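Where a number appears in this text, it was derived from the coordinates with a stated rule and is not lab data. This is a predicted model, so every value here is computed, not measured. Because the Cβ atoms are built from the backbone with ideal geometry, glycine has one as well, and the counts that use them run over all protein chains shown.
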Amino acid sequence: MSPHRATSAPRHDGKVLLVAEQGLQSAERMTPTQVDRKVADFWTGIGGAEFFQALTTRFYELVSQDDVLTPLFAVHDWNRHAARLYDHFRRIYGENDLTAAWDPKMHQAHAHFLITREQRLRWLALMKEAGTQLEAAEPHFTEFLTIMKIASGEMTAVSRGAALARGDRFHWDGTPA
């Protein structure tokens, strides 16, 4: 094989952070098969596609009524936003495609505005409320919320990095200076 020939991407890098009964743990000592099994068990345990479709739909119903989060959305097509977030979760958990976590489109979408601490916390609260209303399966939903805390922190960092690149000034909590 030529050293310049493209190879297929691995399903995961073997160092994926997983949420386990003992808390957040690295998967670097797990085999790819064990990681795939853990993700598959999570997908099944939380309720699979049906759960994530219901969750994203309910979540955006809540967002559409929220004064803190609606200003972040230039287009208030909540069904479209729900479908995109569902597809993101389906790719990560249903297909075990962890490249979706670093999808440039996801990062670009969050780079157009400055996410404040209040908005991040509200996003997490509404995601939790949506799951609670749907009586999400435990402990899977708590694990999911832990992952969402990490992911929302990353998206907040993306938005703030882009704001700095634009020359925007802001306080530690993301509010404009």
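Summarising the amide proton neighbourhood of F170: residues at separation of 5 or more, or on other chains, whose placed amide H is nearer than 5 Å comprise A177.
Here is the size of the stretch 33-177 from its Cα atoms: Rg then Dmax, 15.5, 49 Å. Calculated FRET efficiency, T175 to R80, Cβ-Cβ distance, R0 = 30 Å: about 0.60 to the nearest 0.05. Full extension of the chain between Q53 and L124 yields a length gain of 23.8 nm, computed as 0.36 nm times the residue separation minus the alpha carbon distance. Approximating the spin labels as points 7 Å out from Cα along Cα→Cβ, the D168-to-E154 distance works out to 2.1 nm. Placing one equal scatterer on every Cα of the stretch 52-122 and applying the Debye formula, the log10 ratio I(q)/I(0) at q = 0.19, 0.23 Å⁻¹ is -0.87, -1.19.
Residue by residue, the stretch 67-79 carries 3J(HN,Hα) couplings of 5, 7, 9, 4, x, 6, 10, 5, 10, 8, 9, 5, 5 Hz when phi is fed to the Karplus relation 6.51 cos²θ - 1.76 cosθ + 1.60 (θ = phi - 60°); x denotes Gly or Pro. Maximal additional length on extending the E95-T142 stretch stands at 14.9 nm, based on 0.36 nm per residue less the C-alpha distance. Dividing the Cα radius of gyration of the stretch 129-177 by 2.2 N^0.38 Å, with N the residue count, gives 1.60.
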